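Nothing in this text is a laboratory measurement; each read-out follows from the coordinates by a stated rule. In this text, all values refer to a predicted model and were calculated from it rather than measured experimentally. As a convention, Cβ positions derive from the backbone with ideal geometry for all residues, glycine included, and neighbour counts pool all protein chains shown.
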Amino acid sequence: MIHVTLFRQGRIIDPANGIDAEGDLLVVNGRVAEVRLGRRIDAPEGARVVECGGMFVTPGLVDPHVHLREPGGEAKETIQTGAASAINGGFTTVCCMPNTNPPIDTVPTVRFVRHAAREAAMARVFVVAAATVGRKGEQLAPMAAMARAGAVAFSDDGECIMNALVMRRVLEVCRALGKTFMQHCQDHQLSEGGVMNEGPIATRLGLLGWPREAEEIIIERDACLNRTIGARYHAQHVSSGGSAAILRRARATGNPVSGELSPHHLLLTDEACEGYNTQAKMNPPLRTSRDIAELKEAIADGTIDVLATDHAPHTAAEKARDFASAPFGIIGLDCALPLYAKALIEDGVIGWPRMIELMTRTPAELCGLRADGIGTLDTGSKADITVIDPNHEWTIRADEFASKSRNCPFDGWTVRGRAMFAMISGRPLLDRLHATALAGS
């Protein structure tokens, strides 16, 4: 049986192919069959027709940095619920971090996650495996074997590789394997005991501060190590404007480094921690309005070219602890898209085509997924597609998320922009448009 979907009269935005124009897109048996700009495609008999007037038709959104907690943290999230959360937010592909229990530092664990993702049958889930055994930063994990088993990148996320010699060897292996290393940039000695941004608010609350230099020093060191190695190096969840400046200087010399931003570091400052609000406790911590301005400048000039949620689920009981002992992190997959729009589009930093690029082409290339047809609407590629209504106004309600957790500081915010339809390999998984019209029947 032939399965056909026609996306009609949408604004097709495919940064990988330089497309930004109104047109139709036809999907046949799970693959992009035709993209026709400026002219209509006649709907084949029996086709599902998705009317996209006033909306964007884009490659499925890609998040290269999420925490799905399985194995070991299933009370917070599972691969099933995390992948459903991704779809709810319009993300068709996510890359999960290795700070699970046990950590993803062996071939069997990589295979377990990949199998669980296939069983979930929701968003595509790719594995970012640990670079060192137990994420302890001491002994290299079997990186080559895990790459062969399907790991798309490496990171000790949640822990920084503090030993410079080990870091150098990790970069050398990543260079040889053609894989990206994603660094959790935190000097653990400098940040020891810190629970929020170092500054007057932390002093007033009587909380130990976490200086921005703890992030900047690691990026500076790693960029120095990578100058002659030339591995693909990626700084996760950048929080400091100073970090952006370091990345800018390194990129100007041809050093293949990159960085990512998350919604909370673009919209919230350390003032959100007032009242000992644990929903604002992040790693790295929320900084200042000056940092936000400098990070937005880094987005505008191309220094930072990836957007990622750092989706970090925790139980309500964990977040109900006192500020010092509550865990770091928030969830983000269900609501990231309009939050990025609020920070970057509404503030005039970039336009929608560039933001879509930072959520499709660049993260797909970062994790080596372009060869799988992810992050593009190439003819013949897998039909992973998201339809976005940029004018849809709605209120974020954490209790309506598909995620298993509810730790979201944006609960109750009114936002604009939402994923209205999403499919993976031609299979619809999200339909807020009720696209059930059939042509010729």
Measuring from its Cα centre, the chain shows a charge dipole (+1 at each Lys and Arg Cβ, -1 at each Asp and Glu Cβ) which, in debye to the nearest 20, is 900 debye
Among Thr228, Thr100, Thr376, whose mean-square fluctuation peaks in a Gaussian network model of the chain (Cα, cutoff 10 Å)?
Thr228
One would report the antiparallel percent of DSSP beta bridges in the chain, rounded to the nearest 5, as 50 percent
1/(1 + (r/R0)^6) with r = Cβ-Cβ of Glu192 and Ala121, R0 = 35 Å, i.e. FRET efficiency to nearest 0.05, evaluates to 0.25
3J(HN,Hα) from dihedral phi, the range 233-249, Karplus parametrisation 6.51/-1.76/1.60, rounded to Hz, x for glycine, proline:
10, 10, 8, 7, 5, 5, 10, 10, x, x, 5, 4, 5, 5, 4, 4, 5
His65's amide H: which non-local residues (gap 5+, or another chain) put their own amide H closer than 5 Å, with H modeled 1.01 Å from N in plane and none for Pro or chain starts?
Cys95, Thr309, Asp310
Per 0.36 nm of contour for each residue apart, how much would the distance between Arg148 and Asp347 grow if the chain were fully extended, relative to their Cα-Cα spacing?
67.3 nm
Whole-Hz ³J(HN,Hα) for each residue in the range 94-106, computed from phi via Karplus 6.51 cos²θ - 1.76 cosθ + 1.60 with θ = phi - 60°, x for glycine and proline: what do you get?
9, 10, 9, 7, x, 7, 9, 9, x, x, 7, 10, 9
Where does the chain land at 222 nm, in deg cm²/dmol rounded to the nearest 500, when only DSSP H runs of n ≥ 4 count, each adding -39500 (n - 2.57), divided by all residues?
-7500 deg cm²/dmol
Compute the FRET efficiency between Ala317 and Arg204 as 1/(1 + (r/R0)^6), taking r as their Cβ-Cβ distance and R0 = 25 Å, and round to the nearest 0.05.
0.35
Relative frequency of Cα-Cα separations exceeding 35 Å in the chain, percent:
25 percent
Please list the non-local residues whose amide H lies under 5 Å from the amide H of Ala47, H modeled 1.01 Å from N, same-chain partners needing a gap of 5 or more.
Ala439
Go ahead and set up a Gaussian network model of the chain, Cα springs under 10 Å, then flag whichever of Met146, Met196, Met162 fluctuates most.
Met162
Taking a threshold of 26 Å on the Cα-Cα distance, which of the pairs Lys296/Lys319; Lys76/Lys281; Lys136/Lys179; Lys136/Lys281; Lys281/Lys342; Lys179/Lys382 fall above it?
Lys296/Lys319
How much FRET efficiency would the formula 1/(1 + (r/R0)^6) give for Thr414 and Ala164, where r is the Cβ-Cβ distance and R0 is 51 Å, rounded to 0.05?
0.60
